[in-house]
Structures are given as C-alpha cells and as structure tokens.
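Please treat every number below as a calculation from the coordinates, not as lab data. The shown structure was predicted, so the numbers you read here are calculated from the model rather than taken from an experiment. Methodologically, a virtual Cβ is constructed for each residue, glycine included, from the backbone with ideal geometry; neighbour enumeration extends over all protein chains shown.
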Amino acid sequence: MSGDLSQPALDVRVGSATNGLAPVSVVERSSGAGRWQWAGLAAVVGAAVLGDQLTKHIVTSQLQLDDAVRVVGPLTIHRVQNSGIAFGLFSSATAIVTLATAFAVGWMLVFFARAGARHPVLPAALGLLIGGSLSNLVDRVRLGHVTDFIDFGWWPAFNLADSFIVIGVGVLLVALVLADRPKQPRRRPLDVAAR
C-alpha cells in the first residue's frame, strides 16, 4: 500500500440523499412554474384578453353610450362606461385603480413564477384573473374607462373581464379549500378468509 496522501478520500453515499439518516423516498420538487405551466397561463390570458376586447369592440361599434338591447329575460346588453373596478366600485379613483391593478398583475406573475406547479388549476385560475385584469387595465390606460355591457337590471353592469376575474377567484378558492381538506385514510378491503 503506497502512502500517497495527495488523492482525496472517496465519499461513498447510499441512495440519493446527502444525509444518511434522511429517507431516500423524500423527493424535493420545485414548485415554481415550468414551461408547460407558463404556456397554459399564456394561453388562458390571451384567450381572456381577446374575448373581452372583441366583445367590447362589438358593443361599442353597435350601440351608443347608454343604449340597451334586451336579449332574454332580465339580460340586457346595455353600453355604459366605468372608470372604477368591477361592478362600478371606486369609479372616482381611476389613477389609483390603474396603479393597484398593475401592481396586482405584477404580484400574480411573481406568485405564479414561484408557485405555478403547486396545483394543476393555477394556470387556468390565474390566467383568468390576469387576463381579465390586463384587458380592463389596457382600456383604463388607453381610454380612461372600461366598457361594461352585461346588465341584469338588479346588479351593476359588467363585462367579460369582470366575469373572468370572479371565475378565477372562485376556482382558486375551491382549489385551496379542496387542497386543505384532510385526506381520508384508504379503506382496506375486508378479508373474506379472516371471517
């Protein structure tokens, strides 16, 4: 045996863990959004913005301000302008609403970058939220207001972007509630031979 001390000692480990006491079956996975989550988010955001902008264009090209067309039952297409947020709230604070919306969209993108792979519905839910928010933000920056047109008479008029935001929040809440429910232990089938 030679006395060559210049060669480093071999570090032999069993399993994939660097800690010999840690179970090998524990796998750490990044919860950040990957390529497919970003693609899903972009597709939903694009569809939401396109759908909202297209319907607003149709309404503004066919109806004058405050004109209404009854569709069915209480549903009316009624063209109104809204300088606030969804359902006419904060209508006198356009600059603050614009800044708050831009901040919210930025925060949602950062959150998605860090946690987009945590739940399979995040790209769809956040895509609806971001798409609806962006579409209305574009209108506020470009026009100083958004066009609302879906009117049931008993609720303030709204547009598709508002609907997308509400649906996105609803999907997120349902996903969070279901994710927090304790898992029921699996029942083992009865052993017939043990009777």
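How high is the relative contact order of the range 35-176, in percent, counting Cα pairs under 8 Å that sit 6 or more residues apart?
Normalised by residue count, the contact order of the range 35-176 is 35 percent.
Put +1 on the Cβ of every Lys and Arg and -1 on every Asp and Glu Cβ in the range 35-176; which of Ala113, Asn82, His145 then has its Cα farthest towards the positive end of the dipole?
Checked the options; the winner is Ala113.
Residue-wise, which Karplus ³J(HN,Hα) couplings in Hz belong to the range 117-122, taking 6.51 cos²θ - 1.76 cosθ + 1.60, θ = phi - 60°, and x for glycine or proline?
Ordered by residue, 3J(HN,Hα) equals 9, 5, 9, x, 8, 4 Hz.
Give me the Å³ per residue figure for the convex hull around the C-alpha atoms of the range 35-176.
So the per-residue hull volume is 114 Å³.
Once amide H atoms are built 1.01 Å from N in the peptide plane, which residues 5 or more positions from Arg79, or in another chain, come under 5 Å H to H?
Asp66, Asp67
Work through the residues other than Pro123 whose Cβ is under 15 Å from its Cβ and net out their charges, Lys, Arg +1 and Asp, Glu -1. Walk me through the intermediate numbers first.
Values: positive: Arg35, Arg114, Arg118; negative: none.
Net charge in that neighbourhood comes out at +3.
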